[in-house]
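The values are calculated or read from the model by the stated rules, or taken from the named source; none is laboratory data. Computed from a predicted model, the values in this text were never measured in an experiment. Ligands, DNA and RNA are excluded from the accessible area calculation, which covers all protein heavy atoms including side chains. Shrake-Rupley method; radii C 1.70, N 1.55, O 1.52, S 1.80 Å.
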Amino acid sequence: FRFVIKGGLAGGAVYVAYDQGLLGSGTQAAEALSKAQAALPPVIQEWTDYLGWELPPTPKFDFSPSDSWNKGVQTVMSALSVAPTRACEYTVEGWKYVK
């Protein structure tokens, strides 16, 4: 029974992420993030007013998923491109240490 509940929650989370465009291209993810940034503050304010809580102001940040994705891909590809050279260097250093 637990497995069914957990599977349903996981499936629902994947469906919502897909439906909102989070699993699409970088531009779709950026649009989804901007929609969330526009929609969440009023909802949070409504709930804090209802519950009587006072929250500190939310920090403002500028985050671009597509830029972060591109930076990550460039870093990984750069590391993979120098991997054979580094492997040779480390092998030579290892042989020198063994001798």
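From the list Asp62, Asp49, which residue is assigned to a loop (DSSP other than H, G, I, E, B) and open to solvent by 90 Å² or more (accessible area, probe 1.4 Å)? Spell out the reasoning first.
Values: Asp49 fails: assigned to a loop (DSSP other than H, G, I, E, B).
Every option except Asp62 fails the conditions.
Would you check if Thr91 is open to solvent by 80 Å² or more (accessible area, probe 1.4 Å) and either of a type in the set (S, T, N, Q) or outside any helix (DSSP H, G or I) (or both)?
In short, no.
Out of curiosity, is Ser78 open to solvent by less than 80 Å² (accessible area, probe 1.4 Å), modelled with pLDDT under 75 and among the small types (Gly, Ala, Ser)? In short, no. Among the residues in segment 33-42, are any open to solvent by 80 Å² or more (accessible area, probe 1.4 Å), under 17 Å from the mean Cα position of the chain (by Cα), modelled with pLDDT of 80 or more and of a type in the set (D, E, K, R)? Scanning segment 33-42 turns up at least one residue that is open to solvent by 80 Å² or more (accessible area, probe 1.4 Å), under 17 Å from the mean Cα position of the chain (by Cα), modelled with pLDDT of 80 or more and of a type in the set (D, E, K, R).
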